[in-house]
1. Among GLY49, GLY69, GLY137, determine the one that fluctuates most according to a GNM of the chain built with springs between C-alpha atoms less than 10 Å apart.
2. What is the angle, in °, between the Cα long axis of helix 12-22 and the longest principal axis of the Cα atoms in the chain? Nearest 10 is fine, range 0 to 90.
3. Given the options VAL125, VAL39, VAL66, which has the most mean-square fluctuation in a GNM of the chain, springs set between C-alpha atoms less than 10 angstrom apart?
4. Under the classification rounded if a/c is under 1.5, otherwise prolate if a/b is larger than b/c and oblate if not, where does region 7-56 fall, given a ≥ b ≥ c as square roots of the Cα gyration tensor eigenvalues?
5. Can you work out the accessible area per residue across the chain, with the rest of the protein chains kept in place, probe 1.4 Å, in square angstrom?
6. Report in % the part of the accessible area of region 1-151 that belongs to carbon and sulfur, leaving out ligands and nucleic acids; probe 1.4 Å.
7. For log10 I(q)/I(0) by the Debye sum over Cα atoms at q = 0.11, 0.18 Å⁻¹, pick the label among (i) -0.65, -1.32; (ii) -0.62, -1.20; (iii) -0.55, -1.19 that corresponds to the value derived from the coordinates.
8. Helix-only estimate, please: 222 nm mean residue ellipticity of the chain, summing -39500 (n - 2.57) across DSSP H runs of length 4 or more and dividing by its residues, to the nearest 500.
Amino acid sequence: LDIGCLGSCAGGEATQKTLHHVLKQPTPRAWSTQLHNEVGMVLHAGGRGPYWALSPSIDLRPGVAVRLGNIFTDLTVDTMLRAGQLRTAATQSAGFGFVRLALRAVAYDASLQGGLFANESARTVKPERFTGELELGMHWQHQQWGTRVSVIRRSNEIEGLSGAAGRQDFLRLSISYTP
């Protein structure tokens, strides 16, 4: 369960202005049109199926996740294909590349539609009801430590916006420690 807030209480304005100042970028505008404050709660649930071994060094694993709340309500199904030195025991090392494909069905997205309990239609957009995501990356694991780096391409999330204009491309870096 995630509990937080939407609007100025989230601190986005100060964060963006500070970052722009540090990077010597123009001062961001339009914060006066920010969404109203709203407490947010999102319940997350999901799981992954078993690995399906295609060979000793290639496997496939499906997954499903649901988010239910006043910030996000959606269902995601995905599958990940891994290839390389796959970890079979907690004491082994692993190093593999992976491709993950995901499809999300969106019922509600407050980051696009505004707060669920506020009338903010003048500052919001309609979400695409189905979105996709492609992730390509590498994962390294040695005993308790792991590092994952990937490039993600997410499809347009805004209805009526061209795919090229609304698409998101970004880099994800994760470092993990499991005692």
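1. Result: GLY49 has the largest fluctuation of those listed.
2. The angle comes out at about 80 degrees.
3. Looking only at VAL125, VAL39, VAL66, the biggest GNM fluctuation is shown by VAL39.
4. Working: a/c = 5.03, a/b = 1.94, b/c = 2.59.
It comes out oblate by the Cα gyration axes.
5. The answer is 64 Å² per residue.
6. For region 1-151, the apolar C and S fraction of the accessible surface comes to 64 percent.
7. (i)
8. Rounded to the nearest 500, it is -2500 deg cm²/dmol.
The values are calculated or read from the model by the stated rules, or taken from the named source; none is laboratory data. The model shown is predicted, which means the values in this text are computed figures rather than measured ones. Glycine gets a Cβ as well: all are built from the backbone with ideal geometry, and neighbour counts include every protein chain shown. Keep in mind that these areas ignore ligands, DNA and RNA; they rest on the heavy atoms of the full protein, side chains included. Shrake-Rupley method; radii C 1.70, N 1.55, O 1.52, S 1.80 Å.
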